[in-house]
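Q: Okay, here's the structure, questions in a sec.
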């Protein structure tokens, strides 16, 4: 058995409610630090977003219901982003986790030291979501060929990631107590006929994303084979980024 002190570290931070644009910029900054060696450990940022619809690289216009203007008129932002997948919704009551990890360090490919195994990474994200739901007595599972975790034909947790320079960004969204009617305006994840669920609708009401955040962080660390730790050096990077954003405002 590996000594836990010798395990790679996953540092986590709860950021509260953060606009999608600010969180996207922060991910890029942390990923750059991880890629350049300015941040020695992998990290996961956990947060909530104000209402926003995002369209990934595999998205199609037909997945957007009445279109971007109608989504904005409903009170949400609409953004086209650089993750995989199609359209999804983020908003209050949903826990979002953005793991920023050097993929080859946690899921190496034998004989290719500079590359990491994306498929193993996706399955680990699913394992973390399944373990988190189980912590609240909710039974969900994978549903190949689709990603994410499901209760029957209803998706509880969605996944959309990007890998650049060996470091991951974007991540997972877990509906805790989300108003699921937001999803009615689009075809979630571009999957016709699929529904959505939350911990609340699956029998675990009364929880807030900030309460679930440390549970998901622990699930991610376990699935990655890492030791979970507090923000540490990550906190200094986040503080510096917040100061720069305030100065630029």
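Q: Let me know the shape class of segment 1-128, please: from the alpha-carbon gyration tensor, a ≥ b ≥ c as square roots of the eigenvalues, rounded when a/c is under 1.5, otherwise prolate if a/b is greater than b/c, or oblate.
A: Numbers: a/c = 2.40, a/b = 1.82, b/c = 1.32.
Judged from the Cα gyration tensor, segment 1-128 comes out prolate (a/c at least 1.5, a/b above b/c).
Q: For a Förster distance of 30 Å, can you work out the FRET efficiency between the beta-carbons of residue 73 and residue 28, rounded to the nearest 0.05?
A: On the way: r = 29 Å, r/R0 = 0.98.
Working from the Cβ atoms, E equals 0.55.
Q: Most exposed first by the Cβ proxy, i.e. fewest other Cβ within 10 Å, how do 107, 224 rank? If you can, show how the numbers build up before the last one.
A: Details: 107 19, 224 26.
If I rank by nearby Cβ atoms, fewest first, I get 107, 224.
Q: Which of the following values of volume of the Cα convex hull per residue in Å³ was calculated from the structure shown: [x] 132; [y] 105; [z] 152?
A: Of the listed options [x] 132; [y] 105; [z] 152, [x] comes from this structure.
Q: Measure nothing but the geometry: give the 0 to 90° angle between the long axis through the Cα atoms of 209-224 and the longest principal axis through the Cα atoms of the chain, rounded to 10°.
A: 50
Q: Extension gain residue 58-residue 119, at 0.36 nm per residue separation less the Cα-Cα distance, in nm? Walk me through the numbers on the way to the answer.
A: Details: separation 61, 0.36 × 61 = 21.96 nm, distance 1.74 nm.
Full-extension gain reported as 20.2 nm.
Q: Once every DSSP H run of n ≥ 4 in the chain is given -39500 (n - 2.57) and the sum is divided by its residues, what mean residue ellipticity at 222 nm do you get, rounded to the nearest 500 deg cm²/dmol?
A: Numbers: 6 runs with 77 residues, N = 249.
That calculation yields -10000 deg cm²/dmol at 222 nm.
Q: Given a Förster distance of 41 angstrom, what is the FRET efficiency for residue 179 paired with residue 6, based on the Cβ-Cβ distance and rounded to 0.05?
A: Details: r = 44 Å, r/R0 = 1.08.
Approximately 0.40, to the nearest 0.05.
Q: To continue, here is another question. Ranked by Cβ crowding within 10 angstrom, fewest neighbours first, how are 7, 55 ordered? Kindly include the intermediate steps, with their values, before the conclusion.
A: Values: 7 14, 55 23.
Least to most surrounded, the residues fall as 7, 55.
Q: Please report how far the C-alpha centroid of segment 91-127 lies from that of segment 30-87, rounded to the nearest whole angstrom.
A: 17
Q: Name the residue, out of 20, 98, 136, whose mean-square fluctuation peaks in a Gaussian network model built on the chain with Cα pairs under 10 Å.
A: The residue that fluctuates most here is 136.
Q: Now, a different point. Which order do 222, 181, 19, 151 fall in if you start with the one that has the fewest other Cβ atoms within 10 Å?
A: Exposure proxy ranking, most exposed first: 181, 19, 222, 151.
Q: For an R0 of 45 angstrom, estimate the FRET efficiency from the Cβ-Cβ distance between residue 66 and residue 112 and round to the nearest 0.05.
A: Using R0 = 45 Å, I get an efficiency of 0.50.
Values in this text are rule-based calculations from the coordinates and carry no lab data. All of these numbers come straight from a predicted model, not from anything done at the bench. Note that each Cβ is placed from the backbone with ideal geometry, even for glycine, and that neighbours are counted across all protein chains shown.
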